[in-house]
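For reference, the structure is listed below as structure tokens.
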Amino acid sequence: INAEYGKRGLVELHPVVFAANPRVDHIYEVIKWQDQCVREDEIVYMRSELPGSGRKLRPQKGTGKARIKDKRAPHFKFGGRPLGRRPRDHGYDIDLNVLAEGFSAICTSKHSQGDFYLVDSLKNFTIPSLVGFKQMINSESVLFVSGYEGLSASQNTEICFQPGIDLLTSETVHPKAMLEHMKLVMDYAALTQLERWALDIGQEHQLLEQLDVWDFENVRQS
């Protein structure tokens with residue numbers, strides 16, 4: 001599709017990315033890995049970390065009540081916890097082959113359902129053009145993926161105020177965003193970069209498998 005919303009021609013998509021086996025387990029692993037990488041724990045403050053003085057609230061004897069010290073004690077309502085939860089990193093390393101296959105499965109599902117569109121370029125886009133494209137395809141949410149870097153702060157601010165429109169680059173696009181939006185729109189530069197990335201990972205995985213088989217056969221012959 002060109003800038004005037006007209007069909008310009010046909011583009012051959014690579015079958016490894018857009019005709020892959022849509023394995024749901026790989027999509028689940030990729031989304032789970034992404035959620036764990038951005039997960040943040042809430043800090044639970046301990047007694048020594050709370051503001052306030054350590055002054056004793058009432059005398060030790062003579063009141064007929066239980067012995068207490070300061071208001072930061074754990075048994076009080078807003079007191080500190082004896083072993084407060086500390087923030088930690090929940091991220092882990094994922095197999096790049098699983099990541100590439102999960103990405104290819106998402107692209108295949110979008111393409112097979114008719115929710116994938118390819119445009120010439122998103123380099124010199126305007127906000128009205130993105131809104132017009134969204135209205136043309138009659139979708140509630142659209143993710144635009146550009147192969148060009150360098151979005152200005154004003155453009156990012158304008159896009160944030162447009163409901164149902166999100167713009168990412170080929171370096172920042174992630175699988176969860178592709179699933180959250182109903183339609184996926186890429187320009188030719190982003191398509192080329194993402195296909196090259198997925199193919200490079202697949203070739204590297206096949207090479208490692210061949211090396212493992214070669215090492216095993218050498219050990220068996222020796």
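Of the residues in the range 127-141, not one is assigned to a helix (DSSP H, G or I), of a type in the set (V, I, T) and free of Cβ contacts under 8 Å to residues at least 24 places away in the same chain. Given K123, K110, which one is in contact (Cβ under 8 Å) with a residue 60 or more places away in the chain and open to solvent by 90 Å² or more (accessible area, probe 1.4 Å)? Being in contact (Cβ under 8 Å) with a residue 60 or more places away in the chain and open to solvent by 90 Å² or more (accessible area, probe 1.4 Å) holds for just one of K123, K110, which is K123.
Checked against (1) open to solvent by less than 30 Å² (accessible area, probe 1.4 Å); (2) touching a strand residue (DSSP E or B) at 6+ places or on another chain (Cβ under 7 Å), S104 passes all but a single condition, namely (2).
I'm trying to understand the selection: among the residues of the range 51-81, which are within 35 Å of the chain's Cα centre (by Cα) and either open to solvent by 90 Å² or more (accessible area, probe 1.4 Å) or at pLDDT 90 or above (or both)? If you could, list the steps in order and put the result at the bottom.
Narrowing the range 51-81 to residues within 35 Å of the chain's Cα centre (by Cα): 80-81.
Listed by number, the list holds a single entry, R81.
How many residues are open to solvent by less than 30 Å² (accessible area, probe 1.4 Å) and touching a residue at least 40 places away in the same chain (Cβ under 8 Å) when one looks only at the range 158-182? So the answer is 4. If you go through the range 32-48 and keep only what is over 15 Å from R88 (Cα atoms) and open to solvent by 80 Å² or more (accessible area, probe 1.4 Å), you end up with K32, R47, S48.
Residues of the range 5-31 that are surrounded by 11 or more Cβ atoms within 10 Å (Cβ to Cβ) and of a type in the set (K, R): R8, R23.
The values are calculated or read from the model by the stated rules, or taken from the named source; none is laboratory data. These numbers were taken from a predicted model, which means no experiment stands behind them. Here the Cβ is made from the backbone with ideal geometry for all residues, glycine too, and neighbour counts use every protein chain on show. Side chains included, ligands, DNA and RNA excluded: accessible areas come from the protein's heavy atoms. Shrake-Rupley method; radii C 1.70, N 1.55, O 1.52, S 1.80 Å.
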